[in-house]
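The values are calculated or read from the model by the stated rules, or taken from the named source; none is laboratory data. Nothing here was measured: the structure is a model prediction, and the numbers come from that model. Note that we place each Cβ from the backbone using ideal geometry, even for glycine, and neighbour counts take in every protein chain shown. Quick note on the areas: whole protein, heavy atoms, side chains included, nothing else; ligands and nucleic acids left out. Shrake-Rupley method; radii C 1.70, N 1.55, O 1.52, S 1.80 Å.
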Amino acid sequence: MADFPYLEPSTRSYDLGAYPITAQPTWGAADIRFKHGNSPVLPPLDLAFELITDFEADLIETHWLDHGIQTRFHLPQITFLGNSNSGGPAPLSFLWLYIAAPVFTSRVGGLKDVTVQLECVG
């Protein structure tokens, strides 16, 4: 299992997730809510790599072609570099999957922008 390429994203976005809760309507004014776990379900992690070289974009493309949406992998520590939360949206030991293929956008000067959307699988 190869880790994601050792590249620092320009931006990363995620939220803190939501607890698995279902609401049951009642005759009164408020619903009854049932909590089905003690930790939140992690939402997707969006990574953007802006103005990277063809070589760096090829690393991401090769990783995608080798893993697709079915093979789990680790994210390197550089992925969360500069994040004030001490481990990013999930510990480094967590495994990740691609949600969809990365999106490549060509820019002037032979540079590229790449966006990647991942989901944590624990």
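A few remarks follow.
- Helix 54-67 and the long axis of the chain differ in direction by around 50°, with both axes built from C-alpha atoms.
- Relative contact order (%) - the chain, alpha-carbon pairs under 8 angstrom, separation at least six: 31 percent
- The chain - mean residue ellipticity at 222 nm from DSSP helices (-39,500 (n - 2.57) per run, n ≥ 4, rounded to 500): -3500 deg cm²/dmol
- Listed residue (60, 109, 29) projecting farthest to the positive dipole end of the chain, Cβ model: 29
- At an R0 of 22 angstrom, the distance between the Cβ atoms of residue 108 and residue 77 translates into a FRET efficiency of 0.10.
- Under the convention that each Lys and Arg Cβ holds +1 and each Asp and Glu Cβ holds -1, the size of the dipole of the chain around its Cα centre is about 500 debye.
- The listed residues 19, 6, 14, 98, once ranked by accessible area (1.4 Å probe) with the largest placed first, stand as 6, 19, 14, 98.
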